[in-house]
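Please treat every number below as a calculation from the coordinates, not as lab data. Keep in mind it's a predicted model, so treat the numbers as computed, not measured. Here the Cβ is made from the backbone with ideal geometry for all residues, glycine too, and neighbour counts use every protein chain on show.
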Amino acid sequence: MCTTDNNAKNNHSEIFRLITELGSVIVNADRASFWKWDKDKHEMWTTAAVGEDRITIPENTGLVGKALSMKKAIVTNDPYNCPDFNSEVDKKTGYVTRSIMVMPISNCKGEFIGVFQAINKLDDNGFDLEEDQRRLSLAAFICDIDFFKKINDTYGHNAGDEALRHVSSILSSSIRSCDGVYRWGGEEFIVLLSDASLEDAAAAAEKIRQTIMDSVCVFEGTEIKMTMSFGCTELDLALSAEDNIKVADEKLYTAKQTGRNRVIA
């Protein structure tokens, strides 16, 4: 995701933190970190290592550098015998690394911005490149409020703001702690579901659609009824975030063109 507001740096840091925490849970890792790529300085840095405030390395160093240069995920379940593994942090902190998975991360423009690193699979069987990549793929749906302009025109923009808060509350309460919901400008929202199939996303969207349709938003004593349309897709790791969202957006467009208040997957 990307942002253009004045707090972009802080927002990006929060997104990186959420990516790290979510990824760690999804692949059942003991810990994880996000390595940010500084293209101008030709280095990568992270703040998530045990006992270290910040670690900075040359951009072509270690497994994270290798994954970035190869533009693909890498797994090693015997790191101390892997020539690309740097054991210096373990020597400083006493931490023992048994298995590692690293995966390049791109922004909404498709540009690589760093690497996600998961360390020590908790089941002690090591990381599985194919299976854990699949688990790190996400299902998503994009949705927007039907005839939102009519709400603003009829009841005023303050009522429109209350309608957005009403929908946001329903969306947030309808997902798991490992999922995420984001406002995508105007009356559009994006929901990300971890370790979920397209069918799972469509089922979740349908449940939310029904809840919103059955609910009532009250603003200054006036009851406002609304519906939402949804477009669902399973994220493709070969595509940029922007292109994945475009796929979901095309399905949302179909939902709106075929009558609104429906889910298209």
> With each pseudo-label sitting 7 Å past Cα toward Cβ, what's the Ser106-Asp90 distance in nm, one decimal?
Replying inline: 3.2
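For the chain, count the residues as N, evaluate 2.2 N^0.38 Å, and divide the Cα radius of gyration by that value, please. Can you show the working numbers first?
Numbers: Rg = 21.1 Å, N = 265, 2.2 N^0.38 = 18.3 Å.
With N residues counted in the chain, Rg over 2.2 N^0.38 Å equals 1.15.
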> If we count every other residue with Cβ under 12 angstrom of Ala204's Cβ, Lys/Arg +1 and Asp/Glu -1, where does the sum land?
Replying inline: -1
> If you count the DSSP beta bridges with both ends in the chain, what percent of them are antiparallel, to the nearest 5?
Replying inline: 95
>> I want the local charge near Ser172. Using Cβ-Cβ distances under 12 Å, sum +1 for each Lys or Arg and -1 for each Asp or Glu among the other residues.
In response: +2
> How much FRET efficiency would the formula 1/(1 + (r/R0)^6) give for Asp38 and Ile175, where r is the Cβ-Cβ distance and R0 is 35 Å, rounded to 0.05?
Replying inline: 0.55
> Among the trypsin sites (Lys or Arg not before Pro) within segment 165-265, which fall in a DSSP loop and have no more than 16 other Cβ atoms within 10 Å of their own Cβ?
Replying inline: Arg176, Lys225, Arg260
>> Let me check I've understood the local charge: for Gly259, count other residues with C-beta under 13 angstrom from its C-beta, Lys and Arg +1, Asp and Glu -1. What total comes out?
In response: +3
